[in-house]
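Asker: Just passing along the structure, written as structure tokens.
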Amino acid sequence: MNFTILPFDKIDSTNTEAINQAKRGAEEGLCIVAREQTAGRGRHGRTWISAKDAGLYFSLVLRPKIETHLLPLITLMTAVAAHNAIENAFKIECDIKWVNDIHVGGKKICGILAETVETEKDLAVIVGIGINLKSSNFPPELAETATSIENETGATPNLEKFLPILTSFLEKYCDLLYEDAEKIRKEWSSRSSYAFGKSVKIKLENETIYGITRGIEENGALRLELETGEVRIIHAGDVEQLRNI
């Protein structure tokens with residue numbers, strides 16, 4: 001994959017810009033990087049706090065060579081790449097929370113948002129990665145649930161040195177996904193404490209359920225064993241670890 005970095009000082013959303021670029025024919029490997037976002041977003045329309053130089057705001061255009069039903073694995077692939085990049089660059093031990101968050105010590109340090117868009121060329125997938133570099137911009141309600149590279153290392157991270165590490169891992173695991181999706185499922189499961197045996201609460205659109213995680217499906221959906229013994233397949237939801245079920 002050939003990476004092209006398109007930098008912005010300030011932008012509404014790197015994902016929005018990447019979507020527009022994909023519609024105009026951008027090739028796989030185009031990366032939108034901004035120092036600040038005015039309308040950064042996460043899953044379910046949530047706001048992603050994006051103060052100037054406080055985070056990595058990054059979106060990648062992919063034109064995936066996989067079957068449509070496997071597209072959700074792109075989020076898992078990206079989580080593996082981000083996990084490895086953070087650990088490699090900053091020597092921080094990370095955990096992947098299903099489906100799209102990277103945690104350090106139980107606190108969120110990175111979020112991922114994948115969006116699909118039809119283009120004249122073919123289907124494109126835009127993968128947004130937000131990494132908290134500094135905690136100075138956190139509102140009080142995030143202080144207990146989020147952390148940053150600066151918090152964990154005591155040093156201000158160098159974004160210019162980190163970007164090549166991130167793109168290198170993205171290339172590696174994207175190629176692996178295109179080659180053999182099962183390998184990505186294994187890579188993800190080996191890096192996530194949420195893959196097997198985790199007692200969790202999951203908030204769905206119309207209900208909240210409790211259970212123990214029992215691995216992932218072919219497309220990356222989470223298997224959850226309920227107290228009744230029934231196994232539910234979860235395609236989307238907010239997961240929270242429980243001490244006791």
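The values are calculated or read from the model by the stated rules, or taken from the named source; none is laboratory data. All of these numbers come straight from a predicted model, not from anything done at the bench. Cβ atoms come from the backbone with ideal geometry, glycine included; neighbour counts cover every protein chain shown. Ligands, DNA and RNA are excluded from the accessible area calculation, which covers all protein heavy atoms including side chains. Shrake-Rupley method; radii C 1.70, N 1.55, O 1.52, S 1.80 Å.
Asker: Could you tell me the center-to-center distance, by alpha carbons, between the range 160-237 and the range 72-87 in angstrom?
Answerer: Each part's Cα centre sits 10 Å from the other's.
Asker: While we're on this one: I need the fraction of alpha carbon pairs in the range 1-136 separated by more than 25 Å, rounded to a whole percent.
Answerer: Result: 22 percent of Cα pairs exceed 25 Å.
Asker: Mind checking which helices in the chain clear 18 Å along their axis (Cα) and have mean Kyte-Doolittle hydropathy of 0.5 or more, DSSP H runs only?
Answerer: Qualifying helices: 73-90.
Asker: Still on this model: May I ask you to give the solvent-accessible area per residue for the chain, in square angstrom, as obtained with a 1.4 angstrom probe?
Answerer: Averaged over the residues of the chain, the accessible area is 48 Å².
Asker: Rounded to a whole number, what % of the accessible area of the range 63-144 do carbon and sulfur atoms account for, probe 1.4 Å?
Answerer: 49 percent
Asker: Follow-up. Projected area of the range 110-154, taken from the Cα convex hull and averaged over every viewing direction, in nm²?
Answerer: Details: hull surface 17.4 nm².
Computing the convex hull of the Cα atoms and averaging its projections yields 4.4 nm².
Asker: Could you size up the charge dipole of the chain around its Cα centre, putting +1 on the beta carbon of Lys and Arg and -1 on that of Asp and Glu, and report it in debye to the nearest 20?
Answerer: 360 debye
Asker: Moving on. Send over the Kirkwood Rh of the range 85-206, from the inverse of the averaged 1/r over different Cα pairs, rounded to one decimal Å.
Answerer: Values: mean 1/r = 0.0613 Å⁻¹.
Roughly 16.3 Å, rounded to one decimal.
Asker: Binning at 10 angstrom from zero up to the longest distance, how are the C-alpha pair distances of the chain distributed in percent?
Answerer: 7, 32, 37, 20, 3, 0
Asker: Which whole-number percent is the relative contact order of the range 163-228 (Cα, under 8 Å, 6+ apart)? Numbers along the way, then the final one.
Answerer: Details: 66 pairs, mean separation 13.7, N = 66.
That works out to 21 percent.
Asker: Test of understanding: express the Cα radius of gyration of the range 147-220 as a ratio to 2.2 N^0.38 Å, with N the residue count.
Answerer: So the range 147-220 has a normalised radius of gyration of 1.50.
Asker: Would you work out the relative contact order for the chain, in percent, from Cα pairs under 8 angstrom that are 6 or more residues apart?
Answerer: Value for the chain: 17 percent.
Asker: Now a separate question. Considering the Cα positions of the range 187-235, please state its Rg to one decimal place and its Dmax as a whole number of Å.
Answerer: Every Cα atom of the range 187-235 included, Rg and Dmax give 10.5, 32 Å.
Asker: List the trypsin sites (Lys or Arg not before Pro) within the range 186-245 that DSSP assigns to loop and that have no more than 12 neighbouring Cβ atoms inside 10 Å. The partial results should precede the final answer.
Answerer: Numbers: sites: 186, 191, 198, 201, 203, 214, 223, 232, 243; in loops: 243.
For trypsin sites (Lys or Arg not before Pro) across the range 186-245 that sit outside H, G, I, E and B with at most 12 neighbouring Cβ atoms in 10 Å, the list reads 243.
Asker: Which residue, 103, 228, 151, has the largest displacement toward the positive end of the dipole of the chain when charges sit on each Cβ (Lys, Arg +1; Asp, Glu -1)?
Answerer: 151
Asker: Same structure again: What pairs in 52/161; 108/183; 52/97; 10/91 have C-alpha atoms more than 20 Å from each other? The partial results should precede the final answer.
Answerer: Values: 52/161 18 Å; 108/183 25 Å; 52/97 26 Å; 10/91 29 Å.
Result: 108/183; 52/97; 10/91 exceed 20 Å.
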